[in-house]
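Everything below concerns the one structure shown next.
The values are calculated or read from the model by the stated rules, or taken from the named source; none is laboratory data. Note that the structure is predicted; figures quoted are calculated from it, not measured. Here Cβ is always computed from backbone atoms with ideal geometry, including for glycine, and neighbour counts include all displayed protein chains. Areas reflect the complete protein model, heavy atoms only, side chains present, ligands, DNA and RNA absent. Shrake-Rupley method; radii C 1.70, N 1.55, O 1.52, S 1.80 Å.
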Amino acid sequence: MLLRFIRFRATVAAAARHFSGESAAEKTIGNGGSTARAGGGGDTLGRRLFSLVYAKRSAVIAIGKWKAEGHKVQKYQLNRIVRELRKLKRYKHALEVCEWMTQQKDIKLMPGDYAVHLDLIAKVRGLSSAEKFFEDLRDEIRGWQTCTALLHTYVNYSLLEKAEALMEKMSECNFLKNPLPYNHMLSLYVANRQLEKVPEVIKGLKKNALPDVVTYNLWLSACASQNDVETAEKVFMELKKAKIHPDWITYSTLTNLYIKNQLLEKASSTLREMEKRASRKNRLAYSSLISLHTNMGDKDEVHRIWNKMKSCFRKMNDSEYICMMSSLLKLEEIEEAQNIYSEWESVSGHGDPQVPNVLLAAYINRNQMEEAENFHHQMVQKGIRPCYTTWELLTWGHLKSKQMDKVLDYFKKAISSVKKWNPDKKLIREVFKNLEEKGNVEEAEELLVILRDAGHVSTEIYNSVLRTYENAGKMPLIIAERMKKDNVELDEETHRLIQITSSMCVSEVSSFVS
């Protein structure tokens with residue numbers, strides 16, 4: 001249960017969604033072309049814009065100052081800078097550059113430029129702003145590129161109905177001559193497990209355009225989700241006949257499917273082909289290779305790929321350390337995972353808590369709470385600030401050992417560590433279940449206050465508190481009034497519990513009852 005917090009997800013479906021949504025979007029909304037680099041000598045506009053690390057700083061002011069100094073600003077230059085800023089996820093500054101260009105009379109913008117602009121608005125200001133921007137465009141600009149950018153936004157928001165309606169309009173306008181819109185729909189259906197719609201999309205694509213490698217990767221991902229080896233192999237043969245070069249994601253998908261079905265000889269073959277396609281440019285492939293070799297139980301190959309990575313790249317990133325540690329833990333090599341963590345600790349410059357959380361979860365999964373607590377204290381002493389996951393892991397760990405005072409302490413810290421808490425209903429139920437069994441009224445009331453302060457109280461939660469009183473043989477005080485104050489409705493179970501507990505002895509007034 002706890003491993004869901006830290007297990008590295010190198011599954012094919014996730015990889016396919018990532019590359020279909022992001023890299024495919026780059027092809028549409030990014031106009032293609034080379035990448036702007038901050039490197040090279042001398043002062044450049046690119047250098048100045050890339051140096052605006054903080055979002056509050058203005059790209060428009062930087063461009064204005066550059067022009068005031070007598071420098072020329074050309075569209076191709078700004079387009080490259082926008083592409084680079086997007087790769088760096090500096091969306092606000094990229095959007096500011098796009099908006100500056102729209103105000104310049106001497107810069108002629110093309111539909112692809114507006115597609116980039118729309119995509120950035122969606123990322124920075126949200127869906128409604130992106131839709132308004134699209135609606136306000138001139139008719140001649142609302143072509144296949146801007147429509148595809150809006151479709152990409154709908155896919156990112158998992159808005160099935162809107163995406164399907166837009167595809168219908170694009171079909172009516174004869175805008176579906178490119179595989180990208182279809183790939184977006186395939187990504188959406190795979191992500192939402194509406195796999196029955198995949199063949200229909202493939203059929204429509206083949207009628208209007210030619211599938212590309214992303215199409216086939218998504219199709220294979222759908223086959224993997226259905227555990228359909230036979231169809232997956234037919235899809236792969238079709239890809240080869242179409243003279244499309246399979247990439248590392250193609251072979252990763254097949255390998256994962258073969259491992260799942262214990263076809264280890266075939267998995268070894270596709271793994272070899274996958275490794276041939278791993279490179280500096282396709283860095284994520286190495287982490288996928290490590291995870292797949294782990295799933296095959298091949299520790300030597302895991303280490304070989306890790307060492308190969310270290311020879312290729314100057315420094316491993318946090319996600320790669322997480323991948324390697326998770327793989328070693330899966331192979332029951334906890335001491336080696338600890339050594340990898342020590343290595344990360346010696347080279348990390350910022351101390352992302354997600355990396356130590358991998359080891360913390362391992363101790364908790366092994367019911368080694370003393371080691372988990374000691375490790376947590378070491379994290380804090382070394383300047384690593386615990387995040388929500390850290391506190392939630394510790395909450396689950398102490399819940400397993402039924403140390404309810406620590407459970408409530410860590411649960412409270414977990415909730416207070418985030419601006420907006422998405423309630424984990426399973427965790428809430430488990431905590432209350434333990435309190436109910438013990439008839440621990442005081443701590444049930446304390447948990448109620450914690451949840452109330454977090455803006456999460458419900459009939460179910462109050463009923464849990466009442467069951468705790470019932471098991472303790474005590475009468476709760478002014479429970480109906482408190483529920484009314486919290487705008488929580490009483491149901492049949494509430495009335496039944498109030499009636500049962502009303503004949504019990506009056507409990508002492510809890511310090512948590514307001």
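Here is a yes/no grid of residues against (1) basic (Lys, Arg); (2) outside any loop (DSSP other than H, G, I, E, B); (3) closer than 22 Å to Tyr388 by Cα:
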| residue | (1), (2), (3) |
| --- | --- |
| Ser319 | no, yes, yes |
| Met324 | no, yes, no |
| Leu328 | no, yes, no |
| Glu332 | no, no, no |
| Asn339 | no, yes, no |
| Trp344 | no, yes, yes |
| Gly351 | no, no, yes |
| Val358 | no, yes, yes |
| Ala361 | no, yes, yes |
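If you go through the range 150-186 and keep only what is touching a residue at least 12 places away in the same chain (Cβ under 8 Å) and on the phi > 0 side of the Ramachandran plot, you end up with just Ser158. Restricting attention to the range 298-325, the residues being of a type outside the set (D, E, K, R) and either open to solvent by 50 Å² or more (accessible area, probe 1.4 Å) or touching a Leu at 6+ places or on another chain (Cβ under 8 Å) (or both) number 8. Scan the range 371-390 for residues that are farther than 13 Å from Val355 by Cα and surrounded by fewer than 21 Cβ atoms within 10 Å (Cβ to Cβ) and the total you get is 10.
Here Ser342 fulfils each of the conditions (1) over 15 Å from Lys299 (Cα atoms); (2) small (Gly, Ala, Ser); (3) touching a Phe, Trp or Tyr at 6+ places or on another chain (Cβ under 9 Å) apart from (3).
Cβ separations smaller than 7 Å between residues 6+ apart or across chains give the following pairs from the range 361-380 residues that are in contact (Cβ under 8 Å) with a residue 60 or more places away in the chain to residues that are not in a helix (DSSP H, G or I): Ala361/Ile6. Taken across the range 56-74, residues that are in a helix (DSSP H, G or I), under 24 Å from Leu180 (Cβ atoms), free of Cβ contacts under 8 Å to residues at least 60 places away in the same chain and of a type outside the set (Phe, Trp, Tyr) do not occur at all. Take the residues of the range 51-91 that are farther than 22 Å from Pro111 by Cα and open to solvent by less than 30 Å² (accessible area, probe 1.4 Å): which is modelled with the lowest pLDDT? So the residue we want is Leu52. Scanning the range 147-195 for residues that are in a helix (DSSP H, G or I), charged (D, E, K, R) and farther than 17 Å from Gly126 by Cα gives Glu161, Glu164, Glu168, Lys169, Glu172. Considering only residues that are open to solvent by less than 20 Å² (accessible area, probe 1.4 Å) and in contact (Cβ under 8 Å) with a residue 12 or more places away in the chain, which ones fall in the range 115-133? Of everything in the range 115-133, those that are open to solvent by less than 20 Å² (accessible area, probe 1.4 Å) and in contact (Cβ under 8 Å) with a residue 12 or more places away in the chain turn out to be Ala115, Val116, His117, Leu118, Asp119, Leu120, Ile121, Ala122, Ala130. Val235 falls short on exactly one of the conditions (1) assigned by the TED database to the domain that holds Leu289; (2) within 27 Å of Leu151 (Cβ to Cβ); (3) of a type outside the set (S, T, N, Q); (4) in contact (Cβ under 8 Å) with a residue 24 or more places away in the chain, and that condition is (4).
Whenever a residue of the range 475-492 is open to solvent by less than 20 Å² (accessible area, probe 1.4 Å), its partners that are small (Gly, Ala, Ser), lying with C-beta atoms within less than 8 angstrom and at least six residues away or across chains, give the pairs Pro476/Ser507; Arg482/Ser514; Val488/Ser458. For the range 338-354, taking the residues that are touching a residue at least 24 places away in the same chain (Cβ under 8 Å) and closer than 26 Å to Gln403 by Cβ, the one that is surrounded by the fewest Cβ atoms within 10 Å (Cβ to Cβ) is identified as Gln354.
Among the residues that make up the range 382-404, is at least one of them closer than 24 Å to Glu332 by Cβ, in a loop (DSSP other than H, G, I, E, B) and free of Cβ contacts under 8 Å to residues at least 24 places away in the same chain?
no
Of all residues in the range 281-309, those that are in contact with a His (Cβ under 7 Å, 6 or more places away or on another chain) and over 13 Å from Glu333 (Cβ atoms) total 2. Of the residues screened, Glu470 is not one that is of a type in the set (Asp, Glu) and either open to solvent by 60 Å² or more (accessible area, probe 1.4 Å) or in a loop (DSSP other than H, G, I, E, B) (or both). Scanning the range 405-420 for residues that are farther than 12 Å from Glu446 by Cα and touching a helix residue (DSSP H, G or I) at 6+ places or on another chain (Cβ under 7 Å) returns Lys406, Tyr410, Lys413, Ala414, Ile415, Ser417, Val418. Listed by position, the helices (runs of 4 or more DSSP H) inside the range 227-305 whose residues that are in contact with a Pro (Cβ under 8 Å, 6 or more places away or on another chain) number at least 1 are 229-241, 264-276.
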